[in-house]
Each structure stands twice: as C-alpha cells, then as structure tokens.
Number of protein chains: 2
Amino acid sequence: MRDFRHDLTALALNTATLGHNVPGAGAGWSPERTIDACAERGIGGIVFWRREIAGRAAVIGAHARAAGVSVAGLCRAPFLVGPLAPRGTVEIRDDFRLAIDEAAALGAPVLTIVTGGVEAGTKGVAESLKIVAERVAAVLPHAAACGVQLALEPLHPVYAGDRSCLTTARDALDLCDLIGAEGLGVAIDVYHVWWDTDLPRQLVRAGRRILGFHLCDWLVPTTDVLLDRGMMGDGVADLRGLRAAVEAAGYRGFCEVEIFSANNWWKRDPAEVLDTMVERFRSVC
Amino acid sequence: MRDFRHDLTALALNTATLGHNVPGAGAGWSPERTIDACAERGIGGIVFWRREIAGRAAVIGAHARAAGVSVAGLCRAPFLVGPLAPRGTVEIRDDFRLAIDEAAALGAPVLTIVTGGVEAGTKGVAESLKIVAERVAAVLPHAAACGVQLALEPLHPVYAGDRSCLTTARDALDLCDLIGAEGLGVAIDVYHVWWDTDLPRQLVRAGRRILGFHLCDWLVPTTDVLLDRGMMGDGVADLRGLRAAVEAAGYRGFCEVEIFSANNWWKRDPAEVLDTMVERFRSVC
C-alpha cells in the first residue's frame, strides 16, 4: 500500500466537502480560493461540481494547474433514468454531452455518472440498468473525442429507487462489459460500498477500470442517508482495508474526500475542515 | 408460480403490519383478536413478535391452531453483535435460547435472526459476521432439540452499521455454509433485497434453505428507512419477479406481509389494513 503519512499528492478534495451546495457554507469560497487553500496544504487534486464552474471551466482549470493542483474529475453527468432525470431522451443526451464538454474545458480526465433510480412504469432495477447502458453508450464516442473518461459510480442501495439503480461494483462492471467500449470505468466510494463483502473480488475484476476512489465514513447512527456522511475515522467503514483492496487491484489514482454533512462539517470553517481532512488522511486512511 | 388470486392459504400476517409496537395503533387488538381477524378473511398464517406473546405463548399458539391459522414464525432472536445487542456474551446466549423456547411454546417452526450491526472496536462487517457465526452455532443444538429452525434475515445495507452486518442473501448463505448445520436457513424480505441483481442466483443456491419470504414494497421517496415501508404495489420492487425467483428455487412456504409504516398504515383501522393487504396480495404479488 502507498504510504500517505508524509505525502498528500494523492489526496484530492471534492468540493462538496466544504458544503458547496449550501448557501453560506464554505464561507462563500470561490473555486479559486478553494484551489489556493488546497495548494497551501499540499493537497494534490481537486474535483468540482458543474454548478461551480459553469461558464468558467477553462479559467478555473488553468488556475488549478498554475497552483500545482490537479483537476481530478468533474461531478457529474445528469441522472439518466428515474424520477430525478431530466424529462426526455434528447434533454438527457444533450446535458450529458454538455457535461463532457465542461469536463474537457476544465481539463478533468474523468466525468462521474450517477445513474438515477427506477424508471417510471418499471419495477426493480433491471429495465433501468438497460436504459442506462443505452444512454451511456450513445455519448461514449463524444467523450472519447473530448479525451474524457466516464466513471459509473454505484451508490448505496438506499438510493436505488430515486438516485441510482446502480448499487454495486458488480453491476457497474457488468454495465462496462455490456457496453464494451474503452473510456468507461467505475468510481468506488466507500460510503456506498463499505458493507459489500463481494467488493474485493469485483475490484480485482475491475483492474485498470477503477477511475476513482472516494473517501468519507459511515456513521453509527447515520441520521440522514444523504447529508450525514462522516469524516474518515469517525465511522465503521474499514477504510484501510478498502484502500488496500483498491490498490491490490492496481489503482494508483487520487483518494478523493467527498463528505456531505449538513449538520456538522458544512457548518465549520472550511480551513478547519481541510486541516482535519489532511490529518485523517494521514492517520486513518 | 402459485396462483393466489383465489387462495389466501399461503398469505401470512406479520403483526408488525398492524403497528404492534406503537401505543394506540392496531386499535389495541390482542393477539387473539388479530388471529380471529385473519381467520375471518381466510389468511393462512400469522407471525408474532416476542413482546406480544411473552408468558402466553402456548395459549396464543393454541388459539391460532383452533382458528385454523398457522403460526408461521416468531420475530426474533436478540441482536447478536453491534451497538444494539445486549451487553455480554452470556446475556445474548441466554436471551437467544429464551427466544427459541418461546418459539417452541408458540408452535412456531421458525425463529428469525436479525444479526445486529458492526461490533464495537471493529471496522467493516467481516469481524462481526464471524462473531454472528459463533453465536448462532452455539445455540443451534438447543434449537434442534426444540424443533425450531433458525432463519438468518439479511437486512438492507442501510442498516449495516447498527442493525445488521448481514446485508445480502449471499452473505447469509455463506454463514449457513460456514456453520454447516441442519436447521439453519435464510429469510428473504423484499424490502431488504429488492435492489440486488445477484439475488436470483443466490436463491437457486439457497434451495430448501429459504425459510421465509416477506412482502411489502420500497416507496419512492422513502421518507424514513425504518418506518416508511410501502404496501405491496405502491413502490418499485418487482414483487412478482421476486416471488417467481423464490418459487423457482423451490420455496412453497408463506408469503408474510411485514410493513413498518408509522405515518400511514399504522394510523389506519387494522381491518382496513388487512383488507388492503388481501386485495394487494391477490392483485400485485
């Protein structure tokens, strides 16, 4: 396993950790100020959300590179199926292509896909997963032309109805196999998969198709399944075991900290959050 | 598949559906009144919780048999690991044995096991599952002597931290294989496993070890992961597909309706709940 005690080059901040989508949270830090705060601490990478970079992707990407911070990825493609997806196949495809364009303008090598939940008029996840496969396959040539890889991120099964019919690494790799194209892989987030005893086997199967590894922790109790994620070390996920499994599969990319925490971390000074993130990355991950 | 349109003998009520654990819910119906209400409708089976039968198990079991309603099972063994388990190995074992004795006195052929979550001082689920295996193995001879089968019930992964380190049919069967004794099987609840694309394969593997099949539905949105289960047909679970898979594996037992619904079904007249349950069982299951 890589030794991160004195090396933060593999640590990446997902800006959601600073409460990017909560008015007033993150002390209103701009993307540039967030980049600079990462650079000051030696944090190697950053991942933005589309709402933060809209219309300014190239400028923000250049700022990061000048500061010595890699843009590790962009969150995310539109929901492709289910109750939260845009209405209409054309709208979904167009927004998906736009997200790819934005990732390319930002200089992000990877765009994350959260699939969306169960498609109206269907039961279970099987039909929805088929539609996801079609909609991903349709944009892959454009992604390849833009030099952007697509990462299917399985979410925790608690979201299977509304946010992600894709719930396991196994299903994500099955989708990759079904689509059968280059430039498609998976993102592994410990919050979503920490409970899955099949994960190590699937990671070996994934190999070089692991395009992202996300860190936080699963709190006991979890008071809100969407907005009560824990800082690494505060929960029950086996973070070191999960990283060992990802690295045993060949992964050498960023460890991206993504913590949705409306009532705890999003209420704190973002500098404190970053400092804590660095300390925990060194000590418990 | 079995045809239930005109036959309720395979339908069982889990008394939780009437809000057994909410003061004032279920209109305060006694176990006997609940049995009689099932008998009036031709519902074939009933499953009680320990709190309802404490000290009166034999009398209640006899009332059910006299009314022509089978006692299909008893909920449940104590949590065996994790933050909600009784303190101390001896306390857990003694209460587990008591639950088996109560099942035997009631005439219930199956006692359900919900394992409990992640054991203090450990990370991930692996260590906790090992402890579960030890604690189940320790009481199996007593269960066999009492003629009670034990059913490991995987719960939804949203409960992995606090209520059930056991989250999939795969893991439940792995535990059965590890323990390697007769009289141990699995209970399949659609609420907990509806999202799992590996389920059909695991059910085939399970075969005669499927000791229970539980019905409700997964609502979109689900407002509370513990107490907002849906009535069959109101959610996105593929109920007919799940029953087909269970029956393809050889299951011919009860379809047990277990709906925790603090803000909807538990607030209604229990007679209405039973009538709706019967109608939905006929039409959508």
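Only the coordinates and a few stated rules stand behind these numbers; no lab work does. Predicted model only: the values in this text are computed from it and were never measured. Heads up, the Cβs are rebuilt from the backbone with ideal geometry, glycines too, and the neighbour counts pull from every protein chain shown.
Here are some notes:
- Prolate is the label for the stretch B:48-104, because a/c, from the alpha-carbon gyration tensor with a ≥ b ≥ c as root eigenvalues, is 1.5 or above and a/b exceeds b/c.
- Most to least packed among B:42-53, B:87-98 [average Cβ atoms within 10 Å]: B:42-53, B:87-98
- Computed helical MRE - 222 nm, chain A, DSSP H runs ≥ 4 contributing -39500 (n - 2.57), nearest 500: -12000 deg cm²/dmol
- By the beta-carbon count within 10 Å of each Cβ, the least crowded to most crowded order of B:224, A:3, fewest first, is A:3, B:224.
- Cα gyration tensor shape of the stretch A:108-253, rounded if a/c is under 1.5, else prolate or oblate by comparing a/b with b/c: oblate
- 5 angstrom amide H check on residue B:189, placed H, neighbours 5+ away: B:214
- Electrostatic dipole magnitude of the protein assembly as shown [Cβ: Lys, Arg +1; Asp, Glu -1; Cα centre; debye, to 20]: 500 debye
- Projecting the Cα atoms of A:10, B:250, B:80 onto the charge dipole of the protein assembly as shown, computed from C-beta unit charges around the Cα centre, puts B:250 farthest toward the positive end.
- Of the residues B:161, B:19, B:34, the one whose Cα sits farthest towards the positive end of the charge dipole of the stretch B:11-284 is B:34 (charges of +1 on Lys and Arg Cβ, -1 on Asp and Glu Cβ, taken about the Cα centre).
- Span from the the stretch B:170-188 Cα centroid across to the the stretch A:60-137 one, whole angstrom: 40 Å
- Inter-centroid distance (Cα atoms) of the stretch A:218-239 relative to the stretch B:226-285, Å: 31 Å
- Ranked packing of A:214-221, A:128-135, most packed first, by mean Cβ within 10 Å: A:214-221, A:128-135
- By other beta-carbon atoms within 10 Å, ranking A:273, A:204 with the fewest at the front produces A:204, A:273.
- About its Cα centre, the stretch A:204-254 has a charge dipole of approximately 480 debye under the convention of +1 per Lys or Arg Cβ and -1 per Asp or Glu Cβ, with nothing else charged.
- If you plug the beta carbon distance of residue A:58 and residue A:272 into 1/(1 + (r/R0)^6) with R0 = 45 Å, you get a FRET efficiency near 0.90.
- Residues whose placed amide H lies under 5 Å from that of residue A:70, excluding near-sequence neighbours: A:45, A:46
- A dipole drawn for the protein assembly as shown from +1 and -1 charges on Cβ atoms has a positive end, and of A:45, B:105, A:178 the residue lying farthest that way is A:178.
- Dipole size of the stretch A:11-284 about its Cα centre, with +1 on Lys/Arg Cβ and -1 on Asp/Glu Cβ: approximately 320 debye, rounded to the nearest 20.
- Amide H contacts of residue A:255 (H built 1.01 Å from N, in plane; Pro and chain starts excluded): A:11, A:12 sit under 5 Å, all sequence-distant by 5 or more or on other chains.
- Beta bridges from DSSP with both residues in chain B: antiparallel share about 5 percent, rounded to the nearest 5.
- Pairwise FRET efficiency - residue A:126 versus residue B:248, Cβ, R0 = 22 Å, nearest 0.05: 0.90
- Shape call, the protein assembly as shown: gyration tensor on alpha carbons, a/c limit 1.5: prolate
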